[in-house]
1. Specify the inter-centroid distance of the stretch 247-261 and the stretch 129-182, based on alpha-carbon positions, in whole Å.
2. Which of the trypsin sites (Lys or Arg not before Pro) found in the stretch 183-261 are in a DSSP loop and have at most 11 neighbouring Cβ atoms, other than their own, within 10 Å?
3. Could you work out the Rg to Rh ratio of the stretch 138-272, with Rh taken as the Kirkwood radius (inverse of the mean 1/r over all Cα pairs)?
4. What whole-number value in Å² describes the accessible area per residue of the chain for a 1.4 Å probe?
5. Using the Kirkwood formula over every pair of different C-alpha atoms, what hydrodynamic radius in Å results for the stretch 166-239?
6. Which percent of the Cα-Cα distances in the stretch 182-334 go past 21 Å?
7. Full-extension gain between ASP71 and LYS16, please, as 0.36 nm times their residue separation minus the C-alpha to C-alpha distance.
8. Counting only other residues whose beta carbon sits under 11 Å from that of THR79, what net charge do I get with K and R as +1, D and E as -1?
Amino acid sequence: MGAVLKAIEYVYPDQKISNQDLANLFPDYDFSKFEEKVGIKNRYWVQESETAFDLAKRACEKLFKKKDKNDIDYIIYCTQSPEYFLPTTACILQNHLGLKKNIGALDFNLGCSGYTYGLSLAKGLINSGQVKNVLLVTAETYSKYLHPNDRSNRAIFGDAATASLISFSEEDFFGEFLFGTDGSGFDKLIVKNGGSRYPYDVTAPEINYGSENIYTDNHLYMNGPEVFNFTNEVVPNFTNEVLSKNSKTNQDIDQFIFHQANAFMLNFMRKRLKIDADKFFIDLDNGGNTVSSTIPIALKKYSQTINTTENIILVGFGVGLSWSGGLIKISSKL
């Protein structure tokens with residue numbers, strides 16, 4: 001007995017931002033080189049009046065066109081773009097979706113490792129006999145945290161939401177998961193102002209970083225070189241640990257699906273791990289880096305290509321600094 005991932009749905013906002021759109025804003029930068037190296041052609045951003053919660057509702061409603069919402073026993077909502085400091089956004093989602101009231105609902109604040117954390121939490125709830133069906137939601141609108149003149153981050157990040165159904169199964173489709181945390185790197189990817197430590201500051205000065213990118217402490221800051229170094233130092237060895245924990249080798253895995261940060265970084269790690277390109281999923285061109293939603297979007301897309309049961313290694317890594325990964329089996333289109 002165990003858990004199985006039964007379905008995934010995802011949505012983007014309606015507003016598409018192409019590389020040409022960004023080139024019109026930043027005419028001194030060659031976005032063709034960016035596209036070739038990073039692999040992103042388009043990203044989608046919410047309108048000013050839209051929130052991550054709006055995207056989450058759309059993703060869930062899309063899921064419930066195929067699955068019965070009355071079966072849901074628990075909502076796990078991963079976001080760093082909550083509706084309010086309090087109450088819990090998952091509670092609001094329960095009401096808006098018209099779900100039954102005798103269910104659990106919680107938010108957790110993680111970024112690029114959020115989906116693999118969420119799968120592990122769902123697995124634990126099901127394997128412990130507490131619930132039968134878990135709705136795992138990821139939703140982010142990082143576009144709201146980007147400075148208008150921060151060319152680098154505006155090129156990388158997109159908004160999206162996903163909804164996944166994890167259910168009880170007589171056969172266990174979930175393997176073992178591992179986790180990692182290094183809070184000393186908390187400031188490598190951060191929105192400094194707006195919480196309890198540093199309130200939002202309308203007088204916050206503009207700061208230049210990198211190639212004339214601009215942000216303030218009210219906006220998202222990412223130290224790209226440090227994040228790349230962290231990923232290079234931690235993720236390949238961690239992936240091997242996940243394989244070992246599950247008594248698998250590269251040859252036993254049908255597909256590796258990592259957090260879709262950027263194509264250059266992913267290919268760098270793929271080569272270090274000696275994984276063939278056809279077993280290492282990269283799909284960033286339409287959507288960009290959607291934080292906790294990249295893995296479920298990629299997994300949904302990959303699942304449409306299979307007809308047999310496959311072993312999939314999932315690895316998320318990023319803001320925190322946080323990383324996690326595990327093995328799942330999928331046997332049909334999600």
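The values are calculated or read from the model by the stated rules, or taken from the named source; none is laboratory data. On a predicted model such as this, the values are computed, not experimentally measured, just so you know. Every residue, glycine as well, gets a Cβ built from its backbone with ideal geometry; the counts of neighbours run over all protein chains shown. The protein model used for the area step is the full one, side chains on, heavy atoms only, and it has no ligands, DNA or RNA in it. Shrake-Rupley method; radii C 1.70, N 1.55, O 1.52, S 1.80 Å.
1. The stretch 247-261 and the stretch 129-182 have Cα centres spaced 18 Å from each other.
2. Numbers: sites: LYS188, LYS192, ARG197, LYS245, LYS248; in loops: LYS192, ARG197, LYS248.
Loop-located and lightly packed - ARG197.
3. On the way: Rg = 18.6 Å, Rh = 17.9 Å.
Using Cα coordinates only, the ratio equals 1.04.
4. On the way: 14750 Å² over 334 residues.
Roughly 44 Å² per residue, with all protein chains present.
5. Working: mean 1/r = 0.0635 Å⁻¹.
In the stretch 166-239 this quantity evaluates to 15.7 Å.
6. On the way: 5949 of 11628 pairs.
Cα-Cα pairs in the stretch 182-334 separated by more than 21 Å: 51 percent.
7. Working: separation 55, 0.36 × 55 = 19.80 nm, distance 3.43 nm.
Working it through step by step, the gained length comes to 16.4 nm.
8. Values: positive: none; negative: GLU83, ASP107, GLU140.
Counting the neighbours of THR79, the net charge comes to -3.
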